Amino acid sequence: MSLPLSKAPANLCLLRLSAIGDVTHALPIVRTLQHYWPETKITWIIGRLEHQLVKDIEGVEFIVFDKSLGFKAYQNLRQALQGRHFDVLLHMQVSLRANIAGLCVPASIRLGFDKKRAKDFQWLFTNARINAVKCQHVLDGFFEFLKALGLSDRKLEWGIPIPLADEQWANSIVSDKRVLVINPSSSQRANNWRNWSADNYAELIAYAIEQYDLKVVLTGGPADNEVALAKDILSHGLFTDKIHLLNSIDNLVGKTSLKQLAALMTKAVAVIAPDTGPAHIANALGVAVIGLYVTSNPRRTGPYVTNARNSSGVDGLTVNKYPEALLKYEGLSEADAPWGKRVRNPDALALISLADVKAKLDKVCGAD
């Protein structure tokens with residue numbers, strides 16, 4: 001077989017283990033394949049946590065790769081694929097773990113990223129590459145895989161299924177109030193700062209409740225840093241002085257499944273979050289996302305602009321202080337900085353002001 005393909009492949013394996021945001025970005029790739037090549041059998045090798053979000057998508061076989069099992073995870077994957085062969089492997093993750101997992105997948109075409117994007121030596125583990133295109137959003141980069149196969153049309157649909165039980169649970173949380181979901185923390189990463197301060201979040205929550213009579217729900221994962229930030233927000237002196245505000249806040253950090261989180265977001269007037277997976281889940285569900293971006297480029301990893309064929313803009317609700325942070329802390333303009341460059345300075349978060357985020361909330365809530 002050679003690229004582009006002359007006909008739809010009989011079967012195809014997609015390798016994207018993590019993270020939640022990137023798995024969300026991969027969904028339109030799956031939907032496009034299902035729409036234009038309905039007879040192609042799709043197998044998706046995916047991480048254990050990420051599987052919880054997409055496991056009930058019809059027409060896709062999922063093989064869970066549980067990295068917590070160490071070497072046994074590779075043994076399990078090899079055993080699950082024993083005796084099988086794929087026409088195409090879409091090797092859509094650059095990491096040493098993904099490279100080794102990819103070796104367990106027998107495939108004629110092993111399609112990976114172009115050499116510049118094929119970090120961690122991914123290019124040694126593939127036999128074909130997507131086109132090198134500058135300055136792409138992550139999701140647009142994923143669509144390059146389909147272009148390489150010869151499928152240029154897109155189906156910009158995510159279609160995250162939400163079970164009835166999770167929808168009913170979300171209704172019990174929301175009651176009859178308008179809801180603002182705030183996912184204040186990203187996952188913990190070394191030398192990679194994304195989270196706004198607890199003081200600012202507390203002030204914003206008070207504003208949302210008093211100005212718009214919103215019920216505020218804090219969400220996030222069970223990691224220590226996420227739980228701690230929520231605790232710091234709710235222990236702010238502002239809530240000591242105005243104890244009635246706490247009656248309009250639910251702290252669900254570390255207490256929801258991904259399906260429950262998605263169900264809850266569908267009830268929200270908006271979701272406020274830094275560069276983190278839940279922001280992309282909300283965007284995929286069509287919910288307004290007020291993204292807080294300063295150390296990463298929203299043109300690359302922000303809420304996807306669905307009205308553009310090749311997303312190069314920034315959504316109108318995104319607070320984008322990335323250009324200022326680049327200039328102040330790296331001495332670079334956005335045009336001169338390498339695509340995807342991070343600003344490695346915790347002080348950069350101070351560039352997002354309370355007024356910036358209030359203005360976006362006002363826009364969502366219809367204030368003049």
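A few comments on the model shown:
- Sequence ranges 261-267, 75-81, ranked by mean other-Cβ count within 10 angstrom, highest first: 261-267, 75-81
- Virtual spin-label span in nm between ALA223 and ASP336, 7 Å along Cα→Cβ: 3.2
- Count of Lys pairs (Cα-Cα under 24 Å; at least 8 positions apart or interchain) in segment 271-368: 7
- Its DSSP H runs of at least 4 residues, each contributing -39,500 (n - 2.57), put the calculated 222 nm mean residue ellipticity of the chain at -10000 deg cm²/dmol, to the nearest 500.
- Near ALA107, the amide H atoms lying under 5 Å from its own belong to PHE86; only residues 5 or more places off or on other chains count, and H is placed 1.01 Å from N.
- Magnitude of the charge dipole for segment 136-281, about its Cα centre and with charges confined to Cβ atoms of Lys, Arg (+1) and Asp, Glu (-1), is about 240 debye.
- Global form of segment 84-230, assessed from the alpha-carbon gyration tensor, a/c cut-off 1.5: prolate
- Alpha carbon centroid spacing (whole Å) that separates segment 231-304 from segment 163-227: 4
- Lysine pairs with alpha-carbon atoms under 26 Å apart, segment 1-128, spacing 8 or more or separate chains: 8
- With a simple spin-label model that places each label point 7 Å from the Cα along the Cα-to-Cβ direction, the separation between GLU58 and ASN131 comes to 3.4 nm.
- Sequence ranges 13-24, 323-334, 223-234, 196-207, ranked by mean other-Cβ count within 10 angstrom, highest first: 13-24, 196-207, 223-234, 323-334
- Projecting the Cα atoms of VAL287, HIS25, SER197 onto the charge dipole of the chain (Cβ charges, centred on the Cα centre) puts HIS25 farthest toward the positive pole.
- Rounded, prolate or oblate (a/c below 1.5 giving rounded, otherwise prolate when a/b exceeds b/c) for segment 48-102 by Cα gyration tensor: rounded
- Overall Cα dimensions of the chain, principal axis frame, Å, largest first: 68, 50, 40
- Over segment 1-143, relative contact order from alpha-carbon pairs under 8 Å, at least 6 apart, %: 24
- Taking every C-alpha pair closer than 8 Å and separated by at least 6 residues, the mean separation divided by the residue count of the chain gives a relative contact order of 16 percent.
- Based on Cα contacts under 8 Å between residues 6+ apart, segment 275-360 shows a relative contact order of 30 percent.
- Rounded to the nearest 20 debye, the dipole magnitude of the chain is 1320 debye, with +1 charges on Lys and Arg beta carbons, -1 on Asp and Glu beta carbons, and the Cα centre as origin.
- Over segment 215-279: Rg over Rh, Cα atoms, Kirkwood Rh: 0.97
- Spin-label pair ASN247/ALA8, simplified geometry with 7 Å Cα→Cβ offset, distance in nm: 5.7
- Computed over Cα pairs, the Kirkwood radius of segment 241-368 leads via Stokes-Einstein (1.567 mPa s, 4 °C) to a diffusion coefficient of 80 µm² per second.
- Every pair of different Cα atoms in segment 13-93 enters the Kirkwood calculation, which places the hydrodynamic radius at 13.1 Å.
- Whole-number D in µm²/s for segment 154-269 (Stokes-Einstein; Kirkwood sum over Cα pairs; 20 °C, 1.002 mPa s): 142
- Base-10 log of normalised Debye intensity for segment 11-148 (one unit scatterer per alpha-carbon) at q = 0.11, 0.12, 0.20 Å⁻¹: -0.35, -0.42, -1.30
Computed from the coordinates by the stated procedures, all read-outs in this text should not be read as laboratory data. Source: prediction; values computed, not measured. Cβ coordinates were reconstructed from backbone atoms using ideal geometry, including for glycine residues, and neighbour counts include every protein chain displayed.
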